[in-house]
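J.: Dumping the structure here so I can ask a few things about it.
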Amino acid sequence: MATSTTTANAKSEADSWSFSTPQDTSAYLTGAQVTSSLAYALVFGVTKFIVNDSIEPVHKQAVTLALQVIISVSYIAKVVQMYVFKQASTPWNYRLPRELGAFAAGCQQFAIGCLVAVFYITNWWFEDFPEEARQYISWCVGGVAAVAYLLRVVALYVAVKKQQAQERQSKKKE
């Protein structure tokens, strides 16, 4: 019973982040930037070096442009945070479950955005999109999304460990 309570408390702590807190916003946007940049780098590498001969330039441009737009959104949001809201240097701590939860949420949401954009372009926008290129690109962006969701598990693990440490401290004081 105590373990499930610990896990529930830890989960709520990891999910308690808010855009109204500068550190949480910074962590979220950092996650968004890392995820979208990683997805773009992988797709660019695949289209440039692996399937370069089998993919038309228009296909390559469409996929990379969609990911560039997603990257731009994450970086523009960071600029807005820095200059409009005057939160230029807002450090966040990855050891805190709340801020790590915000980072994981940014990673997850932008990974899904990248995955949806790539899926739409490779499956519906172009009917003649090369199958080999579609598979490589989907695996790259899908892998980024999978890592983003595994990061959520790490955030929960950190939160549970922190909660357990606090419970041990309170028992020692009694």
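The values are calculated or read from the model by the stated rules, or taken from the named source; none is laboratory data. Keep in mind it's a predicted model, so treat the numbers as computed, not measured. Here the Cβ positions follow ideal geometry from the backbone for every residue, glycine too, while neighbour counts run over all protein chains shown. Surface accessibility is based on the protein's heavy atoms, side chains included, excluding ligands, DNA and RNA. Shrake-Rupley method; radii C 1.70, N 1.55, O 1.52, S 1.80 Å.
J.: Pairs only if they're at least six apart or on different chains, beta carbon under 8 angstrom, first in region 151-174 and farther than 14 Å from LEU96 by Cα, second open to solvent by 90 Å² or more (accessible area, probe 1.4 Å); list them, first residue then second.
T.: none
J.: Moving to a separate point now. In this structure, is VAL63 assigned to a helix (DSSP H, G or I), β-branched (Val, Ile, Thr) and either within 30 Å of GLN163 (Cβ to Cβ) or open to solvent by 70 Å² or more (accessible area, probe 1.4 Å) (or both)?
T.: Spelling it out, it is not the case that VAL63 is assigned to a helix (DSSP H, G or I), β-branched (Val, Ile, Thr) and either within 30 Å of GLN163 (Cβ to Cβ) or open to solvent by 70 Å² or more (accessible area, probe 1.4 Å) (or both).
J.: Further question on the same structure: How many of the residues making up region 66-115 are open to solvent by 70 Å² or more (accessible area, probe 1.4 Å), farther than 29 Å from VAL43 by Cα, touching a Ser or Thr at 6+ places or on another chain (Cβ under 9 Å) and not in a loop (DSSP other than H, G, I, E, B)?
T.: 1
J.: Pull out all pairs, ordered by first then second residue, where Cβ-Cβ is under 8 Å, the residues are six or more apart or on different chains, the first lies in region 129-141 and is open to solvent by 30 Å² or more (accessible area, probe 1.4 Å), and the second is of a type in the set (A, V, I, L, M, F, W, C).
T.: Qualifying pairs under 8 Å: GLU132/VAL51; TYR136/VAL46; TYR136/ILE50; TYR136/VAL51; SER138/VAL118; SER138/PHE119.
J.: Output the number of residues of region 116-144 satisfying the condition of being of a type in the set (Asp, Glu) and outside any helix (DSSP H, G or I).
T.: The number of residues fulfilling the criteria is 2.
J.: Conditions: (1) under 11 Å from the mean Cα position of the chain (by Cα); (2) buried (at least 22 other Cβ atoms within 10 Å of the Cβ); (3) modelled with pLDDT under 90. VAL144 meets all but one. Number of the miss?
T.: Against the list (1) under 11 Å from the mean Cα position of the chain (by Cα); (2) buried (at least 22 other Cβ atoms within 10 Å of the Cβ); (3) modelled with pLDDT under 90, VAL144 comes up short only on (3).
J.: Just need a number here: residues in region 1-57 that are among the aromatic types (Phe, Trp, Tyr) and part of a helix (DSSP H, G or I).
T.: 4
J.: State whether the residues of region 41-54 include one that is touching a residue at least 60 places away in the same chain (Cβ under 8 Å), in contact with a Gly (Cβ under 8 Å, 6 or more places away or on another chain), farther than 18 Å from ASP128 by Cβ and of a type in the set (A, V, I, L, M, F, W, C).
T.: yes
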